[in-house]
Structure formats: structure tokens, C-alpha cells
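Have a look at the structure below, then the notes.
The values are calculated or read from the model by the stated rules, or taken from the named source; none is laboratory data. Keep in mind that this is a model prediction, so the values were computed, not measured. Methodologically, a virtual Cβ is constructed for each residue, glycine included, from the backbone with ideal geometry; neighbour enumeration extends over all protein chains shown.
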Amino acid sequence: MTRRQRLARRLGLDTNPLRRRTDRIASCLVGGLLVAFLAGAPLLVMATAGWAGRAGVAEQQAQRTWHEISAVLLRNAPAPAAFAGSLYGGTWVPARWTAPDGRTRTGEIDVTTALAKGQTVPIWVDPAGLPTGPPLTHRAVVARTVIAAAIAPVVLAIVLGFLCTVGRWVIDRRRLAGWDSAWALVGPQWTKRFWSRG
């Protein structure tokens, strides 16, 4: 038996007379989904990378109106406790700053070190003077693009795997129904023979 014949037998594409129609359908389903993944994954990676890159550049352009200004703390900022405060381990402290339009604003800002009341802290604000956090860097855009491109084929594989599982489940249900109907025809004859012997 050649390698090609062995591969065809494993994939269920040989001419084995004992192979049922549902076996061939299951083999075609797996093969089709594999081809869909191999053809679709590179296209999806390119499309996702392009979308993530364009979205990052658009976000960077929108953030060009942001300004870095100094905010004056209105209260002492304690040293942040580990795993407490904000997502980054800081504490929220009231502060005052002058917005780009000249109006004075107050609010809470995230401070990551112990500072005394009256000290200044650099913050980023939008044109209305609301705190925004630092703008997106080119490195962050590239990282987002790479992550999106890496996740895309994984998501495609999960979706295709789910479809394969559902398809196999449907095929197995049909197989069981076929076996039940075949046994309904043959079973009584077998049981008659069995009881007639005994």
C-alpha cells in the first residue's frame, strides 16, 4: 500500500465498500474546513492587521489635539498600596489644572507615587480639559496590530472547530438513526432465530 493510499484511507477517501455515505460526508466536512482555514487564515490575518493599523493611526490622529499640562494636587497623595487603587496600582487624588481653553478645572487624577499637597503632576487632557491618559504611541499601534493579527487565525480555528463539532454531531445523529432503522428491520429476524434455537 502506497503512502497516498494510506492517506486516502485515513481521510476516508478510499473506495472501501464498507464505508458509509455519512463517513464520506464527515471526511469531506473535515477536509473542507481544513481547506477553509488554510485559505482563509492568511487573508484574515492581512485584513485584521490592516484594520487594526488603520484604527490605531486614526486614534493617533484624534489624539493630536491632546495636551500635556501640569495639575496641582489638592491633597497629599499617599504611596499606593500593592494591588490597591487603580488598575496600575495608583491612587486617585483631587487636583486642579488649567484646560487648553483657559478655564480652571478640578477632578481626580491617578497618582502612582507619594506626593505632597501643592506639588504638580503632568497629565494629558483633551481640548475640553478632561483627563485622557497618555496618547497612543507608534509602538502601541504596532503591538495592537501584531496582537490582532495573531488572534485572528485562532478565532477562525475556534469558529471552524465549532462548525466541525456541530457537523459531526449532526452526522452522528443521522448515523444512529440509520442504525436504529436498520436494526428495526433486521432485529426481529435475529431474535426469532435466537429464540428458535433455544
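Give 127, 135, 153, 100 a once-over and let me know the one that is touching a strand residue (DSSP E or B) at 6+ places or on another chain (Cβ under 6 Å) and in contact (Cβ under 8 Å) with a residue 12 or more places away in the chain.
100
Residues being within 13 Å of residue 78 (Cα to Cα) and either touching a Pro at 6+ places or on another chain (Cβ under 8 Å) or crowded, with 18+ Cβ neighbours inside 10 Å (or both): count how many of those fall in the stretch 89-108.
Total meeting the criteria: 4.
Within the set of pairs 6 or more residues apart or between chains, which connect a residue that is farther than 18 Å from residue 150 by Cα inside the stretch 28-41 to a residue that is in a helix (DSSP H, G or I) with Cβ atoms less than 6 Å apart?
Filtered contacts from the stretch 28-41: 29/167; 33/160; 33/164.
So which of 169, 124 ends up being among the aromatic types (Phe, Trp, Tyr) and assigned to a strand (DSSP E or B)?
124
Every residue in the stretch 83-109 that is at pLDDT 85 or above, within 32 Å of the chain's Cα centre (by Cα) and not β-branched (Val, Ile, Thr), please.
92
Table: residues versus (1) small (Gly, Ala, Ser); (2) more than 30 Å from residue 38 (Cβ to Cβ); (3) loosely packed, with under 15 Cβ neighbours inside 10 Å; (4) not assigned by TED's automatic domain parsing to the domain that holds residue 36.
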residue	(1), (2), (3), (4)
116	yes, yes, yes, yes
126	no, yes, no, yes
129	yes, yes, no, yes
143	yes, no, yes, no
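Restricting attention to the stretch 11-46, and to residues there that are modelled with pLDDT of 90 or more and loosely packed, with under 14 Cβ neighbours inside 10 Å, which single residue is farthest from residue 182 (Cα to Cα)?
46
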